[in-house]
Ligand SMILES: C[S@@+](CC[C@H](N)C(=O)[O-])C[C@H]1O[C@@H](n2cnc3c(N)ncnc32)[C@H](O)[C@@H]1O
């Protein structure tokens, strides 16, 4: 009768490329909870997907198993040769989480073999070099180390290319030992080499009918697939996140430049206007005419500034519409809410234009203030009176207004 358990629903905390083994994580976790091994040895660890999952299952079940991962961490013809980063990253994560009960043994399998006593290992995972001769050598070399509870796992029993030969050895071993096999994720063979381990196969893994056996195998394949799919989602999410960061960064730079150019244009225009007005005033004739002209220029100036800001606003809106969803996603995920350009874009996109435009209004006021001080001082009181009339809300706290109120 199949024994359902909590560990088969494991959520692996650490998965690193290559992900070829990930599909077997639910089964190996299930097995660890059922077998409760005293000693686990893995031959071939690479980035650590299988090994870290086993450590996690041990930790989550509080079993107190001693775990050993053996690898040169140099790679081989099948896994490819990889650089030191692979070992360094695993070493760091391993030491932070599992150093209390686990060891990384950086050496060849044959060298490690001498460090284990006969009949001392309960769970052995063979996942080194995959030619027939080498796997056979590894199996034979470690068999005597297996305890009465001994179970040996073989990865890649379902690979028939690149001179892989695990399938062949597996076929031979199946005639000699009780076994169970999974075909998904390149295949995993489970060989019950210790007499006592057989109870796990018979009482907890096997079911009453062949159909139900197939169902259990299918269930582990589906659970494994979920983990495999998750690795893909994580990878894709990272890729899109990076792409988004680049896109948004580029868009922010573009709009920043646009705003800067427009601001420079506005400054240029206002300077020109001030120059013209001042020249005009110095050769003025009638006071009334001058005031009218001054008002006219001021109105034009305000119109021009507003046009520029509307133009900038429209341009930002049309360019950012496409990015809206992506931007919202980023804002939700990261707390970069306080970055001003992002806040501005987001407010515009949310339709809160008034709030978004506030800084621009502030900029206009400061420009007008600059402009005001460029006028000859004799014209400034009249200009101020006019401005108070045109935009009273800007001047409600101005001393002149407060003074008038008191009167
Ligand atoms: C297929 S990878 C292991 C994959 C790993 N179990 C996982 O979950 O992704 C094989 C590893 O075995 C190592 N290896 C192969 N032959 C070895 C040997 N004789 N001694 C030590 N390490 C070996 C390689 O360095 C490689 O990292």
Point to revise | Radius of gyration, Dmax [the range 354-407; alpha carbons; angstrom] | key: 12.6, 38
Exercise for review: Among 230, 378, rank each residue by its count of other Cβ atoms within 10 Å, from fewest to most, as a rough exposure measure.
Suggested key: 378, 230
Practice item. May I ask what percent, to the nearest 5, of DSSP beta bridges between residues of the range 6-206 are antiparallel? Key: 35
Review point. Hey, how many Å between the Cα centroid of the range 165-220 and the Cα centroid of the range 83-133?
Key: 24
Study note, to complete from the structure: Per 5 angstrom bin, beginning at 0 and ending with the bin that holds the maximum distance, the Cα pairs of the range 6-206 fall in percents of 1, 7, 17, 22, 23, 17, 9, 2, 0
Review point. So if R0 is 25 Å, what FRET efficiency would residue 111 and residue 183 give, r being the distance between their Cβ atoms, rounded to the nearest 0.05?
Key: 0.15
**Study point:** Mean shadow area of the range 115-241, taken as a quarter of the surface of its Cα convex hull (nm²)
**Key:** 10.0
Exercise for review: Starting with the fewest neighbours, write out 231, 65 ranked by other beta-carbon atoms found within 10 Å of each beta-carbon.
Suggested key: 231, 65
Revision key, fill the gap. Pseudo-spin-label distance residue 168 to residue 214, built 7 Å along Cα→Cβ, given in nm, is 3.0
**Study point:** Rounded FRET efficiency, nearest 0.05, which uses the C-beta distance separating residue 99 from residue 1 and R0 of 45 Å
**Key:** 0.75
Review point. What nm distance separates the two modelled labels at residue 382 and residue 203, each placed 7 Å from Cα along Cα→Cβ?
Key: 10.7
Exercise for review: Give the calculated FRET efficiency between residue 306 and residue 406 to the nearest 0.05, with a Förster radius of 25 Å applied to their Cβ-Cβ distance.
Suggested key: 0.15
Review point. Å³ per residue of the Cα convex hull, for the range 9-97?
Key: 92
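Read-outs: derived from the displayed coordinates by stated rules, not from any lab. Nothing here was measured: the structure is a model prediction, and the numbers come from that model. Neighbour counts run over all protein chains shown; Cβ positions are idealised from the backbone, glycine included.
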